[in-house]
Amino acid sequence: MMKVSLLTLHSVKNYGSVLQTFATQEYLREKNIDVEIVDYIRPDTSDTNILEAWTTNDSGVVKQLKKIVLLPTLKRWDKVFNGFLKAKIKLSKEKYMKNNDFFEKGIPEADIYCVGSDQVWNSKWNRGIDTTYFLDYVPNNKKKISFASSFGKSHLDNFEKEITFEYLKKFDALSVRENSAVEIIKDLGLREAIQILDPTLLFKKEQWEEFSTDKLIAEDYLLIYQLNSNKEFDRYAKDYARKNNLKVVRICTRYDQFIKVGKSVIIPEIEEFVSLFINAKCVLTDSFHATAFSINLNVPFISIYPAEFSTRISSILELMHLTDRHLKKYNLDQINISNINFDYANNVLNEYRNRTDSFIEKNFRVGE
């Protein structure tokens with residue numbers, strides 16, 4: 001069986017990152033590929049350093065108080081996210097914390113080396129260009145492939161262009177998650193990139209239903225998954241739920257978020273997270289993966305673009321002909337909860353699943 005070493009953002013304490021890692025692994029396994037996830041953890045995202053990273057702009061008493069408040073959240077994150085990774089994800093034996101570790105400890109053995117999906121090439125998220133995510137540690141005689149990789153934005157800054165070109169020109173095949181990424185790579189003069197699906201969309205609705213837990217909330221509810229603080233968002237959620245006779249349920253990613261609008265489900269297990277989407281009457285979100293999940297599960301949704309990295313959401317809404325689900329102004333009459341038809345989106349999903357299958361069949365073969 002062919003072996004693939006996959007580098008992705010698996011260790012981020014984020015539901016989308018963990019679920020795309022799981023979906024990528026399971027999708028490749030279905031293709032009879034032995035996939036192993038590189039256990040690469042940037043120092044600023046490690047469990048030991050994350051408190052310092054989260055309070056880097058604070059000092060003195062404020063910094064210490066924030067650390068105390070966040071500590072229970074970190075313990076819960078460890079149980080939910082790290083617990084899921086240990087139970088469900090095949091990780092490399094070696095743990096890598098910095099780029100030099102690959103040269104000191106040795107790289108994982110594999111036939112093909114792959115990077116993606118998620119925002120692996122987002123220089124702001126990575127606090128600069130992290131060349132590890134361009135597979136700089138992999139020898140040039142080894143096959144390199146990107147799988148649904150994302151820049152997280154519509155264009156590169158000038159300082160990124162030359163180094164991105166130098167590393168990506170060494171890849172044997174390029175696939176990306178957004179149409180804007182296709183254009184970025186084209187503008188760099190690199191080999192053609194193909195747009196494929198985020199791995200969570202490669203799983204069909206029935207597969208996610210099998211994965212999830214039973215229904216957690218008895219009443220009909222509006223589900224909030226909000227990554228960015230926004231008082232207008234909160235007011236709109238409350239009013240929209242009242243208008244449509246729905247209970248407000250909020251997925252909280254930290255304990256201190258329980259004070260926000262809605263019934264709090266605090267840091268649910270991964271399977272519970274999926275169940276909350278499957279059983280919602282409507283989803284209100286500023287998250288790419290929550291938008292993608294809603295489309296895949298055919299759950300009515302409303303997307304609010306965040307101030308940064310909204311390209312990911314706009315790209316998938318354009319692809320699925322669902323741009324009318326983008327809330328441009330906080331107007332209760334703009335989007336009707338049930339005025340949505342997923343037929344076109346479902347056809348696109350099937351088309352792009354076939355496209356992704358073809359990409360795998362063509363490129364994930366040794367010696368080709």
request  = Considering (1) open to solvent by 70 Å² or more (accessible area, probe 1.4 Å); (2) within 23 Å of P199 (Cα to Cα); (3) touching a Leu at 6+ places or on another chain (Cβ under 8 Å), say which one A345 fails and leave the rest.
outcome  = (1)
task = Could you please find all residues in the stretch 308-341 being touching a helix residue (DSSP H, G or I) at 6+ places or on another chain (Cβ under 7 Å) and among the aromatic types (F, W, Y)?
result = Y330
note = Of those in the stretch 18-34 that are touching a residue at least 40 places away in the same chain (Cβ under 8 Å) and not in a helix (DSSP H, G or I), the residue nearest to D111 (Cα to Cα) is I33
query = Between residues in the stretch 1-17 that are part of a helix (DSSP H, G or I) and residues that are of a type in the set (S, T, Y), which pairs lie under 7 Å by C-beta distance while being six or more apart or on different chains?
reply = G16/S287
message = I'd like the residue in the stretch 89-140 that is within 17 Å of L174 (Cα to Cα) and polar (S, T, N, Q) and, out of all such residues, is farthest from the chain's Cα centre (by Cα).
response = N140
request  = Starting from the stretch 111-140, take each residue that is more than 16 Å from H155 (Cα to Cα) and list its partners that are assigned to a strand (DSSP E or B) and open to solvent by 20 Å² or more (accessible area, probe 1.4 Å), counting only C-beta distances under 8 angstrom and pairs at least six apart or across chains.
outcome  = D111/K3; D111/K143; I112/K3; I112/K143; Y113/K143
task = Sort out which residues of the stretch 240-267 are of a type in the set (A, V, I, L, M), part of a helix (DSSP H, G or I) and more than 21 Å from L297 (Cα to Cα), and write them in order of number.
result = I259
inquiry  = What's the number of the only condition in (1) in contact (Cβ under 8 Å) with a residue 24 or more places away in the chain; (2) under 27 Å from H321 (Cα atoms); (3) touching a strand residue (DSSP E or B) at 6+ places or on another chain (Cβ under 6 Å); (4) buried (at least 20 other Cβ atoms within 10 Å of the Cβ) that A241 fails to meet?
reply    = (1)
ask   = Are there any pairs with C-beta distances below 9 angstrom linking a residue in the stretch 173-197 that is over 26 Å from N346 (Cα atoms) to a residue that is open to solvent by 50 Å² or more (accessible area, probe 1.4 Å) and among the hydroxyl-bearing types (S, T, Y), with the two at least 6 apart or on different chains, and if so which?
value = I184/S154
query = What do you reckon, is Y225 at pLDDT 95 or above, among the aromatic types (F, W, Y) and under 19 Å from T73 (Cα atoms)?
reply = yes
inquiry  = Can you pull out every residue in the stretch 54-69 that is in a helix (DSSP H, G or I) and without any contact (Cβ under 8 Å) to a residue 12 or more places away in the chain?
reply    = G60, V61, V62, K63, Q64, L65, I68
The stretch 320-368 - residue that is among the hydrophobic types (A, V, I, L, M, F, W, C) and closer than 22 Å to I112 by Cα and, of those, modelled with the lowest pLDDT = V366
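The values are calculated or read from the model by the stated rules, or taken from the named source; none is laboratory data. Please read these numbers as outputs of a predicted model, since none were measured by experiment. As a convention, Cβ positions derive from the backbone with ideal geometry for all residues, glycine included, and neighbour counts pool all protein chains shown. These accessible areas exclude ligands, DNA and RNA; they are computed on the full protein's heavy atoms, side chains included. Shrake-Rupley method; radii C 1.70, N 1.55, O 1.52, S 1.80 Å.
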